[in-house]
Amino acid sequence: AQKVTQAQTEISVVEKEDVTLDCVYETRDTTYYLFWYKQPPSGELVFLIRRNSFDEQNEISGRYSWNFQKSTSSFNFTITASQVVDSAVYFCALSEGQTGANNLFFGTGTRLTVIP
Amino acid sequence: KAGVTQTPRYLIKTRGQQVTLSCSPISGHRSVSWYQQTPGQGLQFLFEYFSETQRNKGNFPGRFSGRQFSNSRSEMNVSTLELGDSALYLCASSQGQGESYEQYFGPGTRLTVT
């Protein structure tokens, strides 16, 4: 059975601080995909990153970076020098299999508040 | 490219009624997935359609159904509405073939059942 755990329900940081959002997953599949989505107050889910299970390279995109570690089944997301616009709920998600199946299992989300 | 569009954006229905929600995917995308988001249960997968066929289904009762048309547009129907069906219904589209590609979400339809 698949499971995604985001243990941090809410995080508050002061602007310009760095913040890491944790994501731990469970799956029996050897082929799977991990995602991060952002849901700002407007409600629309915004895609941030997709990573497949065979690619453990960390990725950096501007102020965002992701650390994928299969050994600990974690896919953590770090925002460097946070800004007020980063305030949102962030979801980690898992998709299993290699058949193109598009059913995402979401974590419960982490609400990030960046205080000016 | 235009994003995923969903209509209507807001809907108020009475218990026992039925409702149909519509989703137009990004041009070229053949997969459409539906999700329900509630404060209690979070984001849950309903079903996915690819090339007019239901390819995956989540754990929802048969009152929830969907279909996809030849132009990839999709509709979701909920019959005999219950108070617990009040939720944000999100539609997502993706390329759909081969690997599990990223899904792009629409703004959602907020359904309130009274």
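Within the range A:62-73, not a single residue is touching a residue at least 60 places away in the same chain (Cβ under 8 Å) and touching an Asp or Glu at 6+ places or on another chain (Cβ under 9 Å).
Considering (1) under 13 Å from the mean Cα position of the chain (by Cα); (2) at the interface with another protein chain (Cβ under 10 Å from one of its Cβ atoms), the lone condition that residue A:20 does not fulfil carries the number (2).
Applying the criterion of at least 1 residues that are closer than 30 Å to residue A:55 by Cβ and open to solvent by less than 10 Å² (accessible area, probe 1.4 Å) to the strands (runs of 3 or more DSSP E) found wholly in the range B:15-114 leaves B:31-38, B:42-50, B:87-94. From the residues in the range A:48-63 that are touching a strand residue (DSSP E or B) at 6+ places or on another chain (Cβ under 6 Å) and outside any loop (DSSP other than H, G, I, E, B), which one is modelled with the highest pLDDT? Per the criteria, the residue is A:48.
Taken together, B:73, B:67, B:110 contain a single residue that is closer than 18 Å to residue B:12 by Cβ and under 13 Å from the mean Cα position of the chain (by Cα), which is B:110.
Can you tell me how many residues in the range A:48-66 are surrounded by fewer than 16 Cβ atoms within 10 Å (Cβ to Cβ) and within 14 Å of chain B (Cβ to nearest Cβ)? The qualifying residues number 5. All of A:79, A:11 fail the test of being touching a helix residue (DSSP H, G or I) at 6+ places or on another chain (Cβ under 6 Å), touching a residue at least 60 places away in the same chain (Cβ under 8 Å) and not basic (Lys, Arg), apart from A:79.
The values are calculated or read from the model by the stated rules, or taken from the named source; none is laboratory data. Just so you know, these numbers come straight off a predicted model, no measurement behind them. Note that each Cβ is placed from the backbone with ideal geometry, even for glycine, and that neighbours are counted across all protein chains shown. Heavy atoms of the whole protein, side chains included, go into the accessibility calculation; ligands, DNA and RNA do not. Shrake-Rupley method; radii C 1.70, N 1.55, O 1.52, S 1.80 Å.
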